[in-house]
Each structure stands twice: as C-alpha cells, then as structure tokens.
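Below is one structure, written out as structure tokens; the observations come after it.
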C-alpha cells in the first residue's frame, strides 16, 4: 500500500515537472543566449507557452533562416513564428560609371575575354546584351558583364558554336 | 518570392565558403550581390549555384559581381590599343575626354599622338 502510494506520487511529480518544463522567461533567456552565441543580431524574442516569436530586422534572408534554426534548437521551444522578422530593405545599387563609360568598359572586357558577337547597350546602369557568342565562352561572357558594375541586365545573349 | 529567397542557397554558400558580400537593389528589384571570394574555386562554386538556380542566367533578377582577392580580373579598366586607334577615338568608346586618358597614362605615354598597338592604357572611369 505504501509502495503504491509512493509510485503514484512519483509519477504525479514527474508528470507535473515535464508538463511545466521551463518557464517562458527561462526559454526567452535561453533563446537570446543561443542567438548571441550564433552571432545573430537584430532579433527580439518573445516566448509564450513554448512558442518563440521572433521580430526585428536582420541583414538578409540567410540570417533570418539561421535565427529560426537557432531558436528551434533550444530545448523546450515547440515552435518558432517569424512572420514579422524582416530583412533589411536593401540600399539602391548605383552603377559603377556613367552609361558610355560602362559600355566602353564592357566592350573592352568582352573583347579581352574572346566574347566576339555580343552587343551591349547600357541605359541607367542596366545592360541589354544580345547577339551570339561561342557556347564554350557563354558563362565567361555573362560573368564579364556582371562584373562591370551594372545594376540591371536583360540577357538576350545566345550560345553559338 | 523575392530574389533574396530565390537565391538563398547561393548566399548560404557564400557564407560557407568565405565569400564576403553586400546586397543592394538594382533595376526593378534586381538583387545585386557585390563581393569578394577567397579563391577562384569559391567564386566558381557560386557561379555554378547561380546556373543551377537560373539556367544560363536568363532571368535578369540577379547581378553576381564577385571578384577574387587578387586582381585576377585581367585589369577591367584597361584598354588594349589596336591598330588605327587614337586617344580621342578610344576616349569616344568610353564617353570621356582624350585628355583624361592622356593624364592617366603619362607614365607610359610621352606624346599624345604616339600610341602603339598592344599598349595597355589605364582608363580613368
């Protein structure tokens, strides 16, 4: 009889502890510590009933994903809500040089890369490239154009033989 | 889906392989990634991932501008003189004044009327 009572009590206590788990305040602290350890900044954490809600603004989408994974990895966190965790608005890209200078630079770079047959036109930093380049050179030709400091591209370039 | 989301795996790869980058927004929502890769292999890996996400780079929603630490770009702002060129003709290709090229190349040029095929001129843009 005594043993039975103890068993029931133990089970009851065990159930009580596991049901409660860590408090939301403890979990908030744990998530914050985990984010800090993973060098993630800009995130505000609120935990309610084991669900972590992340808000704030992070540098880019990779940081957002990392924050979600980190928060989820904390023991006791059942779910992570991050719909209001935003990525920073990006600064506007500025062309590296005025349009004629970009045109000259791209043409010369294309020539050096052996990309004969490509025609470029630049308007406000956006390049429209057409024509046909040797198939084996295609990727390099696109790289050359994208590395010239442009802010947009309309790629109509074709792969030739 | 934003361009950032579309190219997330490319950005993840950059984080992993030691490429530092900055993001800006170009024409009409174009994602512009400007960065430096630690090696030519790392850079190539990014271009491979780009090609996987956007075959032949046709979508026009990403500008991938990655250089490697060393100046392996073949001197992007130089011009190789061809037969028949003159400083003013070259300047015309870049929409700049011939004198700007002359000033930038005084170390190798001694007379603005004398340039030779094969000479590498610095272009001040």
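The values are calculated or read from the model by the stated rules, or taken from the named source; none is laboratory data. This one's a predicted model, so the numbers in the text were calculated from it and none came from an experiment. We place every Cβ from the backbone using ideal geometry, glycine too, and count neighbours over all the protein chains shown.
Hey, does the stretch A:102-121 have a residue that's over 19 Å from residue B:92 (Cβ atoms), surrounded by fewer than 16 Cβ atoms within 10 Å (Cβ to Cβ) and facing chain B (nearest Cβ under 9 Å)?
No, that holds for no residue.
Would you confirm whether any residue within the stretch B:42-60 is surrounded by fewer than 19 Cβ atoms within 10 Å (Cβ to Cβ), within 16 Å of the chain's Cα centre (by Cα) and without any contact (Cβ under 8 Å) to a residue 60 or more places away in the chain?
yes
Would you pick out the residues in the stretch B:79-93 that are buried (at least 19 other Cβ atoms within 10 Å of the Cβ) and either at pLDDT below 95 or in contact with a strand residue (DSSP E or B) (Cβ under 7 Å, 6 or more places away or on another chain) (or both)?
Let us first name the residues in the stretch B:79-93 that are buried (at least 19 other Cβ atoms within 10 Å of the Cβ), namely B:79, B:87, B:90-91.
Across the stretch B:79-93, the qualifying residues are B:79, B:90.
If residue B:87 meets every condition in (1) in contact with a helix residue (DSSP H, G or I) (Cβ under 8 Å, 6 or more places away or on another chain); (2) within 10 Å of chain A (Cβ to nearest Cβ); (3) over 30 Å from residue B:14 (Cβ atoms) apart from one, which number is that one?
Among (1) in contact with a helix residue (DSSP H, G or I) (Cβ under 8 Å, 6 or more places away or on another chain); (2) within 10 Å of chain A (Cβ to nearest Cβ); (3) over 30 Å from residue B:14 (Cβ atoms), residue B:87 violates only (2).
Any chance the stretch B:18-33 includes a residue that's more than 21 Å from residue A:63 (Cα to Cα), free of Cβ contacts under 8 Å to residues at least 12 places away in the same chain and more than 11 Å from chain A (Cβ to nearest Cβ)?
No - not one qualifying residue is present in the stretch B:18-33.
Hey, can you tell me all the residues within the stretch B:52-67 that are within 21 Å of residue A:62 (Cβ to Cβ) and more than 7 Å from every other protein chain (Cβ to nearest Cβ)?
B:52, B:53, B:54, B:59, B:61, B:62, B:66 - these are the residues of the stretch B:52-67 that are within 21 Å of residue A:62 (Cβ to Cβ) and more than 7 Å from every other protein chain (Cβ to nearest Cβ).
Every residue in the stretch B:17-31 that is out of contact with any helix residue (DSSP H, G or I) (no Cβ under 9 Å at 6 or more places or on another chain) and modelled with pLDDT of 95 or more, please.
B:22, B:24, B:26
Restricting attention to the stretch A:113-139, which residues are modelled with pLDDT under 95 and closer than 21 Å to residue B:34 by Cβ?
Passing the criteria: only A:113.
Which residues, taken from the stretch A:64-94, are touching a strand residue (DSSP E or B) at 6+ places or on another chain (Cβ under 8 Å), surrounded by 15 or more Cβ atoms within 10 Å (Cβ to Cβ) and touching a residue at least 24 places away in the same chain (Cβ under 8 Å)?
A:67, A:71, A:74, A:77, A:80, A:81, A:82, A:85, A:87, A:93
Checking residue A:90 against (1) part of a loop (DSSP other than H, G, I, E, B); (2) within 9 Å of chain B (Cβ to nearest Cβ); (3) more than 32 Å from the chain's Cα centre (by Cα), which test does it fail?
(3)
Looking at the stretch A:128-136, can you tell me whether even one residue there is assigned to a loop (DSSP other than H, G, I, E, B), farther than 21 Å from residue B:80 by Cβ and in contact (Cβ under 8 Å) with a residue 12 or more places away in the chain?
no
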